[in-house]
Amino acid sequence: MTNRKIEYWVIPPEADGEFVAHMEEVLETYAKPYDPARPVLCMDEPPVQLLKEIRVPIPATRWHGKRVDYEYERAGTANIFMFAEPLAGWREVAVRETKTKVDWALEMALLIEGRYADAERVVVVCDNLNTHTKGAFYESFAPARARQLVRRIEFCHTPKHGSWLNIAENELSSLTRQCVAGRRFGDAQTLRAETTAWSSDVNSTQRGVDWQMKIDDARCKLTSVYPKIKL
């Protein structure tokens, strides 16, 4: 019997009107010019396994790279919240120990009342996770403050199996390759310090994201996801 390597992909559905509707809404949002009164904010959040060193690593020398013992101790998980504003070339990473509605609402409130205090509304591109809801604000704040926050948010949900449409996922991929992959973080504080340093460095050197796919491109290249109309 021949063993074959299995590759895991996000496989889009075929002839799915709901997928197409959400996809085109996201693409239309990305095609709009920058508007400081209605900034577009993409967000996503993955978990990270925390691992403590059992033995102190040996620092790198002239003849050897840094040596880390293969054994480690599991120390729970942390959650990275990635926020990215593509047209402004800005991203911010927040690290929390849990990923609840309250965690999400607290991080969103910091941005809406801080960076986006002067914006009329913030268009939030995210998946349709049950923690990304307007109700999350009412579970976190007094009704008056919750209402003020909710009135200034406009959701733009990516379709199921369409996470590639979220630019925050691209930023997370860069963060993983450049900062997190191949390293052990024993606690959330260390992970927070390292990811904050990464975002500060990238913000100082990188311009905005040049998103290429438009609705016309999708209608041409992704014909299988569009329903076939029977006249």
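Values in this text are rule-based calculations from the coordinates and carry no lab data. Just so you know, these numbers come straight off a predicted model, no measurement behind them. Cβ atoms come from the backbone with ideal geometry, glycine included; neighbour counts cover every protein chain shown.
Listed here are the pairs K99/K160; K52/K99; K52/K160; K160/K214; K99/K221; K134/K160; which of them are more than 24 Å apart at the Cα?
K52/K160; K99/K221
Do any trypsin sites (Lys or Arg not before Pro) in segment 191-231 lie in a loop, going by DSSP, with at most 16 other beta-carbon atoms within 10 Å of their beta carbon, and if so which?
Of the trypsin sites (Lys or Arg not before Pro), the ones in loops of segment 191-231 whose Cβ has at most 16 other Cβ atoms within 10 Å are R207, K214, K228, K230.
Using a simple charge model, +1 on the beta-carbon of Lys and Arg, -1 on the beta-carbon of Asp and Glu, nothing else, what dipole does segment 17-225 show about its Cα centre, in debye to the nearest 20?
Taking the Cα centre of segment 17-225 as origin, the dipole is about 420 debye.
Relative to the compact globular guide of 2.2 N^0.38 Å, what is the alpha carbon radius of gyration of segment 13-60, as a ratio?
For segment 13-60, the normalised Cα radius of gyration comes out at 2.21.
With 10 angstrom as the radius, rank C220, C156 by how many other C-beta atoms surround their C-beta, starting from the fewest.
C220, C156
Test of understanding: ordering H22, H64, H161 by Cβ neighbours within 10 Å, fewest first, what list do you get?
H64, H161, H22
Would you mind working out the magnitude of the charge dipole of segment 121-176 relative to its Cα centre, with +1 at each Lys and Arg C-beta and -1 at each Asp and Glu C-beta, to the nearest 20 Debye?
Value, rounded to 20: 400 debye.
Per residue, what volume in Å³ does the convex hull of the Cα atoms of the chain enclose?
Roughly 208 Å³ of hull volume per residue.
Rg to Rh for segment 41-140: what is it, with Cα atoms only and Rh by Kirkwood?
1.15
Residue by residue through segment 94-105, what is 3J(HN,Hα) from phi via Karplus (6.51 cos²θ - 1.76 cosθ + 1.60, θ = phi - 60°)? Round to whole Hz and write x for glycine and proline.
Karplus values, whole Hz, x for Gly and Pro: 10, 10, 10, 7, 9, 10, 9, 4, 5, 4, 5, 5.
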